[in-house]
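Down below is the structure, laid out as structure tokens.
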Amino acid sequence: MIVAIDGPAGAGKSTVTARLAEALGFVRLDTGALYRTVALAATRAGLEPDDPSLGGFVAGLDIVVRPDGILLGGEDVSLAIRTPEMSVASSRFAAVPCVRAGLLDLQRGLGRARDSVLDGRDIGTVVFPDAEAKIFLTASVRARAQRRLDELQGRGVDADLATVMAEIEARDRADSERAVAPLRKADDAVEIDTTCLDFDAVVEACRRVVEAARATRG
Ligand code: DC
């Protein structure tokens, strides 16, 4: 079974997906981490998103997803991909068709291997349009920025609310307006606005969507 969780930055996808996967006994795949890892590798190699060699570069990357992190060429990059710089860079590289094509098979292969919960921007629309359960998580820009700020400060990263809000609005625009696989709610996804819900309530709402999908499958 595939559970697809899409939505904009800071809507709570990561934490909710991790807890939901644990509750269901499913594997969790954070597809944003894949785009971040590509952005990190390309940045380190001095490549820009419009570099003609980017497709071959992405195809040659050695990315391994582990339950406890993500490896790039054997190096654990789980923390290095979580900086504000990589948030911006991943959004830029994610708009490039050859980057998306390069990550598509990897996501499908990992998702099909076992019952999975995948979170991203285009899981329910492009990666797994036939996913049995689809959820679209949203929240106000302010709520999303505050959560991202708390997360950054919790990791000792220096940041302020106005800057994080501006960064989130810019990423919303870039992710929603790009030509290939833009962020949008699948027609058959259940939308959950998390602005005024606490974490447990969101996980519970997601669990009900999955249970309803299971009941329909019989
Ligand atoms: O979920 P995140 O913030 O870690 O994602 C980082 C960027 O990667 C995000 O700005 C857009 C891109 N992304 C994407 O285009 N498609 C996905 N399925 C996941 C992430």
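The values are calculated or read from the model by the stated rules, or taken from the named source; none is laboratory data. It should be emphasised that the depicted structure is a prediction, and the values quoted were computed from it without experimental measurement. Glycine gets a Cβ as well: all are built from the backbone with ideal geometry, and neighbour counts include every protein chain shown. For accessibility, only protein heavy atoms count, side chains too; no ligands or nucleic acids. Shrake-Rupley method; radii C 1.70, N 1.55, O 1.52, S 1.80 Å.
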Where the second residue is open to solvent by 30 Å² or more (accessible area, probe 1.4 Å) and the first is aromatic (Phe, Trp, Tyr) and lies in the stretch 18-32, which pairs have Cβ atoms under 6 Å and are six or more apart or on separate chains? Phe26/Asp115
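Quick test for you: out of Leu40, Leu54, pick the one residue that is open to solvent by less than 20 Å² (accessible area, probe 1.4 Å), within 16 Å of the ligand (Cβ to nearest atom) and in contact with a Cys (Cβ under 9 Å, 6 or more places away or on another chain).
Leu54
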If you take the residues of the stretch 126-162 that are in a helix (DSSP H, G or I) and in contact with a Leu (Cβ under 9 Å, 6 or more places away or on another chain), which of them is nearest to Gly109 (Cα to Cα)? Val127
Show the residue pairs that are 6+ apart or on different chains and have beta-carbon atoms under 6 Å apart, the first residue being within the stretch 93-107 and within 13 Å of Asp51 (Cβ to Cβ) and outside any helix (DSSP H, G or I), the second being of a type outside the set (Val, Ile, Thr) and more than 10 Å from the ligand (Cβ to nearest atom). Val96/Pro49
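Residues are listed down the side, and each one gets a yes or a no for (1) under 25 Å from Ala181 (Cβ atoms); (2) touching a residue at least 40 places away in the same chain (Cβ under 8 Å):
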site	(1), (2)
Gly109	yes, no
Gly124	yes, yes
Ala131	yes, yes
Thr138	yes, yes
Arg142	no, no
Leu152	no, yes
Val157	no, yes
Leu161	no, no
